[in-house]
Amino acid sequence: MRILPPEILLSTDNVTTLTETDAATVGAWVALAKRVRPLVATGRLVNADVADPGLDVRGVVADDQASAFFTITQTQTLISSPAGRVRFPGLDPDRTYRIEIVTPGGIVQTPAQSPLEWAHHDTVLTGRQLAVVGLRPPVQNPQQAVVVEVTAV
């Protein structure tokens with residue numbers, strides 16, 4: 001599955017004319033939006049401080065801090081590549097969390113970076129580790145993003 005470029009969605013008046021592959025991608029994004037919607041309606045918005053103005057990290061954390069969704073967006077070309085670690089604020093520091101990229105289509109793998117262990121394997125860290133140390137984000141092109149789900153275990 002691939003991430004649809006905005007021009008496909010913006011130029012398509014009728015989703016019934018999408019190719020089977022593009023329709024599946026749209027369906028995957030709609031399914032993700034339905035999963036995230038209840039948390040967006042009730043959770044707390046958090047923004048991470050990042051050193052690079054080309055990187056944006058924000059999320060929504062459940063009131064009980066049991067789950068969260070974050071987006072890591074590269075808005076423009078970064079000052080340095082790969083980017084430094086990004087932190088995930090708002091989580092319970094003493095709780096343990098499973099981290100998973102849930103972007104439909106996954107990470108767009110680029111030759112500029114070795115695979116990220118946390119993005120390809122079952123990764124469990126404490127809220128303190130995520131808030132203080134953080135994780136290295138995937139290398140992305142400008143105007144690309146990944147969605148990260150954080151779930152207490």
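Worth pointing out:
- Criterion (at pLDDT below 95, buried (at least 18 other Cβ atoms within 10 Å of the Cβ) and assigned to a strand (DSSP E or B)) met by exactly one of 146, 150: 146
- Each residue in the range 1-21 was checked for being surrounded by 14 or more Cβ atoms within 10 Å (Cβ to Cβ) and at pLDDT 85 or above, and 1 pass.
- Residue list for the range 27-78, filter: loosely packed, with under 14 Cβ neighbours inside 10 Å and closer than 19 Å to residue 96 by Cβ: 63, 64
The values are calculated or read from the model by the stated rules, or taken from the named source; none is laboratory data. Quick caveat, the model's predicted, so the values are computed rather than measured. Cβ: placed from backbone, ideal geometry, glycine included. Neighbour counts: every protein chain shown.
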